[in-house]
Amino acid sequence: MRTSRRSCNRPDGLEFPLLNGLLSILNSEFWTWILNSEFWILSMWHPPQRIKHPLLKARWPSAEEASRSLWFRPLHFGHLRLEERTWVPAMVPWRATEEGFVTQDVLDWYERFAQGQPGALVVEATGVRDVPSGPLLRIGDDRFIPGLRKLVDTVRERSAGHTRLFIQILDFLAVKRRPEPAKYFERFLALGLTPPTPLRRAA
């Protein structure tokens with residue numbers, strides 16, 4: 001019996017040779033039970049007919065319509081003011097040096113965004129700890145200030161002062177390797193141990 005898009009059938013040895021091969025390799029009673037149990041394979045349902053909806057006629061908004069849009073209106077938040085609400089979020093272009101200094105590639109990257117004059121432009125994740133970070137920017141020491149100042153000047157110049165520049169800072173956490181399976185199960189999934197005594201409420 002073949003599995004069609006509109007039906008669901010239980011797998012058997014004739015229709016799933018690859019699955020049977022895996023079962024023979026694993027030699028597991030669990031997987032044998034899975035194969036012989038009332039498990040059903042369901043295929044994705046498709047409508048009998050595909051309905052093609054016509055595309056709506058699109059047009060560019062007029063200058064007056066665009067000026068009434070909230071997207072292009074100023075935003076005031078405390079002491080912060082943006083000329084419009086367009087926002088370029090932080091990305092990780094990996095264009096800094098291995099020591100975290102600004103390069104010409106970094107300047108070119110943000111210059112292209114600044115030419116569009118968005119309301120806000122967020123500089124990529126920038127490390128605050130004075131440790132190697134690969135080709136990510138860093139800001140944890142005064143030696144990085146000249147390059148970052150040049151980045152600010154580039155955005156201000158190319159956007160004609162219309163874009164506010166923000167910087168996203170981050171700290172680097174310790175990255176540990178995954179423990180061996182035996183150690184992991186012994187540490188986190190220990191079986192047969194006496195459960196901890198529940199906490200008692202104070203009288």
Complete set of residues in region 101-130 that are of a type in the set (A, V, I, L, M, F, W, C) and under 19 Å from F144 (Cβ atoms): F101, V102, V106, L107, W109, L121, V122, V123, A125, V128
Region 64-119, subset closer than 17 Å to V155 by Cβ and of a type in the set (V, I, T), residue modelled with the lowest pLDDT: T86
Which listed residue, of D153, D141, D130, is closer than 30 Å to L173 by Cα, at pLDDT 90 or above and not aliphatic (A, V, I, L, M): D141
Output for region 71-92, where each listed residue is surrounded by 10 or more Cβ atoms within 10 Å (Cβ to Cβ) and of a type outside the set (A, V, I, L, M, F, W, C): R73, P74, R81, E83, E84, R85, T86, P89
Any chance A125 is among the hydrophobic types (A, V, I, L, M, F, W, C) and out of contact with any strand residue (DSSP E or B) (no Cβ under 8 Å at 6 or more places or on another chain): no
Criterion: closer than 16 Å to T163 by Cβ, surrounded by fewer than 14 Cβ atoms within 10 Å (Cβ to Cβ), charged (D, E, K, R) and out of contact with any Asp or Glu (no Cβ under 9 Å at 6 or more places or on another chain) - qualifying residue of R112, R50: R112
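The values are calculated or read from the model by the stated rules, or taken from the named source; none is laboratory data. This is a predicted model, so every value here is computed, not measured. When we count neighbours, we look across all protein chains shown, and the Cβ atoms used for this are built from the backbone with ideal geometry, even at glycine.
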